[in-house]
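Undergrad: Dropping the structure in here first, questions after.
The values are calculated or read from the model by the stated rules, or taken from the named source; none is laboratory data. Computed from a prediction, not measured in an experiment: that's the story for all the values here. We place every Cβ from the backbone using ideal geometry, glycine too, and count neighbours over all the protein chains shown.
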Ligand SMILES: [Zn+2]
Ligand SMILES: [Zn+2]
Ligand SMILES: [Zn+2]
């Protein structure tokens, strides 16, 4: 019997509900600071105000590691947080801030000497094939010039290692986006509406990650007030906001948030046990 690293453990060596989340980026599509902006947040020296494009790494207790989205900052994120291995990549949707780092996956092919499984809904896979046509055209030289990926369409719940993954469909203005639930953690980026059928998938959460863009309303993202209201509706023990624009300074905004709600920041690690 392996000694467990968690006090008062009821599981032993394997923890079906353990999830470690590493925030690789918590910024909106422009990142913070934005190019050519002199506002107080863009010029802030607080490291929590510097936000790369939105992405997380999820570590599961059987050692499986999942990357959610490949941002334009993926190379810098992987170097900064020393992410040397990935077992799968999930995509939430095919907007530029969530997919333009796809080519960086070549390094993980080289390091693992394996193809990387990629999971997304069918429309997102179609978008990836179109945007990165050089990767998917027949005869492309796998493993050197282009990433070696195996595409898996998501059609409902599926398993990764020992973990069941629950796709959570949300609305991002007119677009359909997938959130993902792993045990008692859920990641819902890029949304401004959560259908009733998806709310039903979000009970009993310990940790919720939710889109919260800025104070002013936006046609495709929750603003801060809407995100706080949605956090209350879902009722996770702790909610972290992501996809944050330069209007929201970390320190000043954090002081206004209700208990159990916080802004995430790049580099934040959350263990859900
Ligand atoms: Zn986005
Ligand atoms: Zn700014
Ligand atoms: Zn988007």
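Undergrad: Identify the residue in the range 183-197 that is touching a residue at least 60 places away in the same chain (Cβ under 8 Å) and either within 15 Å of ligand 3 (Cβ to nearest atom) or surrounded by fewer than 24 Cβ atoms within 10 Å (Cβ to Cβ) (or both) and, among all such residues, is farthest from residue 213 (Cα to Cα). Show your work before the answer.
TA: In the first step, residues of the range 183-197 are kept if they are touching a residue at least 60 places away in the same chain (Cβ under 8 Å); the result is 183-185, 187, 189-190.
This time we only want the ones that are either within 15 Å of ligand 3 (Cβ to nearest atom) or surrounded by fewer than 24 Cβ atoms within 10 Å (Cβ to Cβ) (or both), so: 183-184, 187, 189-190.
Values: 183: 26, 184: 24, 187: 15, 189: 10, 190: 9 Å.
Top of the filtered list is 183.
Undergrad: Test residue 161 against the stated conditions and say whether it is within 16 Å of ligand 3 (Cβ to nearest atom) and either under 15 Å from residue 88 (Cα atoms) or modelled with pLDDT of 95 or more (or both). Steps first, answer last, please.
TA: Details: within 16 Å of ligand 3 (Cβ to nearest atom): no; either under 15 Å from residue 88 (Cα atoms) or modelled with pLDDT of 95 or more (or both): yes.
Against the criterion (within 16 Å of ligand 3 (Cβ to nearest atom) and either under 15 Å from residue 88 (Cα atoms) or modelled with pLDDT of 95 or more (or both)), residue 161 does not qualify.
Undergrad: If you go through the range 18-50 one residue at a time, how many are in a loop (DSSP other than H, G, I, E, B), more than 16 Å from ligand 1 (Cβ to nearest atom), surrounded by fewer than 21 Cβ atoms within 10 Å (Cβ to Cβ) and touching a residue at least 40 places away in the same chain (Cβ under 8 Å)?
TA: Looking only at that region, the number is 8.
Undergrad: If you don't mind, another one. For the range 203-227, give me each residue that is outside any strand (DSSP E or B), in contact with a strand residue (DSSP E or B) (Cβ under 6 Å, 6 or more places away or on another chain) and more than 13 Å from ligand 3 (Cβ to nearest atom). Steps first, answer last, please.
TA: Of the residues in the range 203-227, the ones outside any strand (DSSP E or B) are 203-206, 212-227.
Filter once more, keeping what is in contact with a strand residue (DSSP E or B) (Cβ under 6 Å, 6 or more places away or on another chain): 205-206, 212, 220-222, 227.
Across the range 203-227, the qualifying residues are 205, 206, 212, 227.
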